[in-house]
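Note sheet for the following structure.
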Amino acid sequence: MKPVAKYLLVGCSVLVLLAIAGVAGVAWYVRAHKDEFLTQARKVHSDGAQAGKDLTEARCIDDASLPIQQ
């Protein structure tokens, strides 16, 4: 096998291993913080439901066209 082919094979193998490690790292992080994510999602959902109860259709459309405020 030519040296260039060996270097390409090794380089691609390293990239694949890094990609696998990255996916595993993200999966670990999400599993470690899933309770926080679920709590935050439930709070946002309930806040949205509460805000939408008293909203008229026209006001909803007006609010949807406004930029998001942090």
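The values are calculated or read from the model by the stated rules, or taken from the named source; none is laboratory data. Keep in mind that what you see is a predicted model, and the values were worked out from it rather than measured. So basically every Cβ, Gly included, is an ideal-geometry build from the backbone, and we count neighbours across all protein chains shown. Surface accessibility is based on the protein's heavy atoms, side chains included, excluding ligands, DNA and RNA. Shrake-Rupley method; radii C 1.70, N 1.55, O 1.52, S 1.80 Å.
Long hydrophobic helices in the chain: the complete DSSP H runs spanning 24 Å or more by Cα along their own axis with mean Kyte-Doolittle hydropathy of at least 0.0 are 3-32.
Ordered by 1.4 Å accessible area with all protein chains kept, His45, His33 run largest first as His45, His33. Percent of C-alpha pairs per 5 Å bin in the chain, short distances first: 3, 13, 10, 12, 9, 8, 9, 8, 8, 6, 6, 5, 3, 1, 0. When nucleic acids and ligands are ignored and a 1.4 Å probe is applied, Ser46 ends up with an accessible area of around 60 Å². Within the shell defined by Cβ-Cβ distances under 13 Å, the residues around Cys60 carry a net charge of -2, with Lys and Arg each +1 and Asp and Glu each -1. Residues of segment 42-70 with an amide N closer than 17 Å to a point placed 7 Å from the Cα of His33 along the Cα-to-Cβ direction: 42-44. Per residue, the accessible area of segment 9-70 comes to 93 Å² when a 1.4 Å probe rolls over the protein heavy atoms.
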